[in-house]
1. Considering the convex hull of the alpha carbon atoms of the stretch B:21-147, report its projected area averaged over all viewing directions, in nm², one decimal.
2. Have a look at A:R193, A:R38, A:R18 and tell me which one the Gaussian network model of chain A (Cα, springs below 10 Å) gives the largest fluctuation.
3. Per DSSP H run of at least 4 residues, take -39500 (n - 2.57); add these up for the protein assembly as shown, divide by its residues and hand me the 222 nm value, nearest 500 deg cm²/dmol.
4. Using a Gaussian network model of chain A whose springs link C-alpha atoms within less than 10 Å, name the residue from A:A191, A:A141, A:A79 with the highest mean-square fluctuation.
5. Can you give the convex hull volume per residue for the Cα atoms of the stretch A:1-119, as a whole number of Å³?
6. Hey, got the average number of other protein chain Cβ atoms within 10 angstrom for residues in B:137-150?
7. Packing-wise, with mean Cβ within 10 Å as the measure, how do B:152-159, B:79-86 rank, highest first?
8. I'd like the mean, over residues of B:156-164, of how many other protein chain beta carbons sit within 10 Å of each residue's own Cβ.
Amino acid sequence: MSRAPGIYLKGQHRIEERVLFDTELHITGGQWTCLLGRSGVGKSTILRLILGLETGGTFKGEFAASDGAPLTERISYMAQSDLLLPWLNLVENVCIGAQLRGETPDRARARSLLARVGLSGHADKKPATLSGGMRQRAALARTLFEDRSIVFLDEPFSALDAGTRADMQDLAADLLQGRTVLLVTHDPAEAARLAHQIAVMSPDQVRIWPVPDSAPPRNVTADETLKCQGALLAHLRGEAA
Amino acid sequence: MKASDILVAMLVGLGLWQAIVVVTAAPHFILPSPWRVAQAAYKSRVIIAENTWVTAIEVVLGLLIGTALGVATAIQLAMSKMAERLMLPILVFTQAVPVFALAPLLTLWFGYGMGSKIVMAVLIIYFPVTSAFHDGLTRMDSGYRDLSISLGAKKWHFMKRIQIPQALPSLGSGLRLAAVYAPIGAVIGEWVGASKGLGYLMLLANGRAKIDLMFASLIVLACLTVVLHVAIGVLAKKLTRYAQGTG
């Protein structure tokens, strides 16, 4: 993995005649940036735009990596749904990127990554036999298998129960250390725990929100985490009103 | 469907048949009794078996070739927008031509042997298989597409690793239809011109006023279709289980 670059984006995104957002965003290299905002404000659109996926609109502006190299094939992506292929076992699911590019997959590495996410006993099982939390851990192993310096996470933990979600957050924070991570989330608590940088998005601007001084992943019960979470929630509610 | 249910349904059917024969007092050359048909079937068992074998081969070969062509066409259509634009209208148009109307022509081109019947079966199942599989290939969770793009997937590998496996249940539905249509195609082909097969035997028996033999052939043909339907049903279930990862 090369040194993780930052990403800069500035521009306007329209869906037909409606302006979805007109904004500027800096994502710091090698750190976690959490992108918050009301539903429909275009958080996922920013992520999809940079990934080169269909956004249903047109973007006028620019985005680039801080080191000037192209972004394509340097970003791995994890969504809310685990997107595991039901007919493949976990090892094959973790290697799917290599298979889809027509490369020979390194199955031993896939197994060791599954072990790192705590699924060593399940490597040969199909996704249908596993719980939602286990499936999302397998999806994290698939993301790690790509070993890319930038990782985009689109609400990957939002469908999990509270306990599993906290475990997944710790695991992801640990395993994605040193990479440039953009996490799109609805959850102020998640942002307060995980972010080096919190960006709160509204249609006309991205506001950088102060984070606690301690390093993430922060203790959920620490005063500063709770305070940050509370203030964020109040802000988001104020915006919605 | 439980075996006991099927048995009861068959007994009810036979009972009704016998009742109609008794009530209407129809002569045996119009409506033979079940018992008479069973006797005729036993007496002509060798000739029925020979002709069943011919029809079965036509149907199975027709199914195999039609499925292979349908699968290849569906993949081609799903891979290339251009092919889809050019070929879909042609495919739909060919469906407007009743395949039965082509039977005499096919007999002229492919002869009185098995060839024309196999072509008939292929033609009749080609569209249902193509259309069901093509639907399955193109109707897909957009999340898989997004993931594949982010992983730098190549088109053909995406087709092979994701599109085809997830479309297998749809192929199964197409095959279920094909299993019902293929015998129809083969028998119509035999009616138009043949020297072997159950359709030929039915016409022959009819011409010689052996209505009991005609009924026996018809029942064997129905049994053949049911066996095929059940076998394809098992296969279709397997395809679905595979795609869901529960097999």
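1. That works out to 13.3 nm².
2. Ranking A:R193, A:R38, A:R18 by mean-square fluctuation puts A:R18 first.
3. Details: 19 runs with 288 residues, N = 488.
Roughly -19500 deg cm²/dmol at 222 nm, from the helical runs in the protein assembly as shown.
4. Among A:A191, A:A141, A:A79, the largest GNM mean-square fluctuation belongs to A:A79.
5. On the way: hull volume 18.5 nm³, N = 119.
Hull volume over Cα atoms, normalised by residue count, gives 155 Å³.
6. Taking the mean over all residues of the peptide, I get 5.
7. B:152-159, B:79-86
8. Taking the mean over all residues of the peptide, I get 3.
Readers should treat all values here as calculations from the given coordinates under stated rules, not as data from a laboratory. The model shown is predicted, which means the values in this text are computed figures rather than measured ones. Here the Cβ is made from the backbone with ideal geometry for all residues, glycine too, and neighbour counts use every protein chain on show.
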